[in-house]
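Down below is the structure, laid out as structure tokens.
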Amino acid sequence: MAKKLGKSPAVKDEEKEGLFASCSFPDLGLHPTLCAHLQDKMGFKAPTRIQAQAIPVAISGQHMLVKAATGTGKTLAYLAPIVHLLQMREPRAERTDGTFALVLVPTRELCLQVYGIVQQLVHRFHWIVPGYIMGGENRAKEKARLRKGISILIATPGRLLDHLQHTSSFVYSNLRWIVFDEADSILELGFGKALEDILELLGSRNDASKQNKNKMESMQRQNLLLSATLNEKVNRLAKISLKNPVMIGLEEQNKTSDSSSARGKNHTSLLSDDEEKILEKHSTKVEQTVDDFKLPAQLVQRYVKVSCGSRLAILLTILKSLFERQLSHKVVVFLSTCDSVDFHHTVLNQLEWTSGLQLDMDKKQKFLSCKVFRLHGNMDQDDRKKSFLGFSSEKSAVLVSTDVAARGLDFPKVKCIIQYDSPGDASEYVHRVGRTARIGEKGEALLFLQPVEIDYLSDLKLHGAVLTEYPLQKVLDSFPVNGQRLHKRKQISLDMHPWIMSLQRALESFVASEDTTKKLARDAFCSWIRAYTAHRGELKNIFMVKKLHLGHVARSFGLKEQPSLVGRSHQVQLKKRKKEQKRERPAKRRKIPAKR
Ligand SMILES: Nc1ncnc2c1ncn2[C@@H]1O[C@H](COP(=O)(O)OP(=O)(O)OP(=O)(O)O)[C@@H](O)[C@H]1O
């Protein structure tokens, strides 16, 4: 997981300079053994700026709220001080003391990832025992591990709540730290109530009731909240879990409105008595500030305008071109639903073509030669783990995923993010593209849009994301058809391009070849339509099902015809859609959220 600095010669030093602080880890007050480990074993030569700001605050024992861009090293910003303080504890922490630090994360994959980092950090402090508990794992085994004692526990909220309520041998009377990592994501996934219950059970809820205030004060607790974006829900969580927190990473916004207050300070000043007001103030600013979603400067952001029917053929073509340009490459493709991930995973994994470059000749080989992984919330836990670890360790691979991979995951060396289906909103866009261009590395992001969706670019622009057009025609013309490259430079419509036409034929015969593939395609088609109708707020004026040609959508799943046996709810939607088209009035649609 650790990256060595200076390993990528392609990245300019200036690009990394902005990210790293000019001080060293020992300057921040961390124990020499820990510093040596960070440098020698993990390859971290210097702290990032966010780490340089957060680590001394965390060591000082204050509550802290950190907001920073993706891939800036937030995980170490809270883990290093916890390990530092815990290894100093006298008497030494023992397993029977139970849990000292609790880290709450939104997803199972992030749980494993953070656990992996803690394991590295405590390497030289063998008496500190890390562990994790999360949905999908065996409860009885988790109970046994909790009974033995886990000093630093990483958990997903649902499973933690379960153990707090039902595992009597879980000792947390010595709990000193509660960390909310990716707080915005935890809340977006609907864990708000679970978090409140957890805080209540741990006696760490800081609300108006005098009883709770006293309780909180009597506890030696330090709560840390980290988030890439601030919103109302995060503010509420901050309000009930943090006491006079130090705010870190908000100076950009402060400069926008009040340059004098932030200038010359390492972090914004301590919140005074009225923390609620200040949090609210920040929240308002966040909504108004164009560069709220700060993107890495070295990230190249592009869009590709593709008519619906050719989408899949174009996706395959772009992937092929990426892997031909650079043999070692890692790409994440984001899709909107689990069924769609399963279908695309099968296509990318199994589609074959002929070496003679004609798609219908005899000697077939795989269209994409690299490994293809999938990740979504309907997979069983073992398969999820295998995909996550497999894609992490590969040098050259594609991961097709729902948004379950969008938050916090740190796959090394991902060069390109393809958003084949548009994200829910601009913040989701930022989290998805944040899986590349991490810690100063280079990265590309490509967003697929249909001509009718092109207004989405203006929405992104409002949030500071400016995308340029991908040179699709050039890429297409570079592929030979019938063994020959196209010499004619005349613009041909994409759908009529010989390369796309023959690839589409291959896709359609691949899908039609087996009943299982046909079913995958039909299920994916239906779930895709449902997800499309579920766009919220302003976005439903851009992503309108009634503007789509469903026959073309079917083509993009390799289906020659629009599926007819698609279930009652879809039939009802189709009827409704026809009625709406007749009336030519904006539609009121039922929202069916897609499972991630
Ligand atoms: N001081 C450092 N020097 C070099 N690499 C670092 C340093 N700190 C962290 N990293 C590496 O940077 C990458 C990103 O770190 P991390 O995952 O903590 O970022 P993040 O800010 O939490 O991102 P996100 O918001 O996407 O979760 C990781 O691979 C991590 O090992």
Place the peptides 328-334, 536-542, 430-436, 472-478 in order of packing, highest mean first, counting for every residue the other Cβ atoms within 10 Å and averaging per peptide.
-> 430-436, 328-334, 472-478, 536-542
Subtracting the Cα-Cα distance of Ser168 and Thr354 from 0.36 nm times their residue separation yields 60.8 nm
By how many nm would the segment from Lys45 to Val466 grow when fully extended, if each residue of separation counts as 0.36 nm and the alpha-carbon distance is taken off?
-> 148.3 nm
At what distance in nm do the modelled label points of Ala140 and Val300 sit from each other, each positioned 7 Å from its Cα along Cα→Cβ?
-> 5.4 nm
With 25 Å as the limit, write out which pairs from Lys371/Lys540; Lys371/Lys547; Lys385/Lys413; Lys141/Lys413; Lys233/Lys546 have Cα-Cα distances beyond it, or answer none.
-> Lys371/Lys540; Lys371/Lys547; Lys141/Lys413; Lys233/Lys546
Report the FRET efficiency, 1/(1 + (r/R0)^6), for Asp380 and Glu200, where r is their Cβ-Cβ distance and R0 is 25 Å, rounded to 0.05.
-> 0.20
Whole-number D in µm² s⁻¹ for the range 386-475, Kirkwood Cα-pair radius fed into Stokes-Einstein, 4 °C, 1.567 mPa s | 91 µm²/s
For Phe510, Phe391, order by how many other beta-carbon atoms lie within 10 Å, fewest first = Phe510, Phe391
Once the piece of chain linking Lys193 and Ala512 is laid out straight, how much longer is it, given 0.36 nm per residue of separation minus the C-alpha distance between them?
-> 110.2 nm
Using the C-alpha atoms of the range 30-89, what convex hull volume per residue, in cubic angstrom, is computed?
-> 76 Å³
Quick one: which residues, 5 or more positions from Ala21 or on another chain, have an amide H under 5 Å from its amide H? H modelled 1.01 Å from N in the peptide plane, none for Pro or chain starts.
-> Thr48, Arg49
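Report, for the range 351-457, the % of DSSP beta bridges that are antiparallel, rounded to 5. Can you show the working numbers first?
On the way: 3 of 12 bridges.
About 25 percent, rounded to the nearest 5.
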Given labels modelled 7 Å from the Cα in the Cβ direction, how far is it in nm from Ser393 to Asn231?
-> 3.6 nm
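No lab work stands behind these numbers, since they all come straight from the coordinates. Note that the structure is predicted; figures quoted are calculated from it, not measured. FYI the Cβ positions are ideal-geometry reconstructions off the backbone, even for glycines, and counts take in every protein chain you see.
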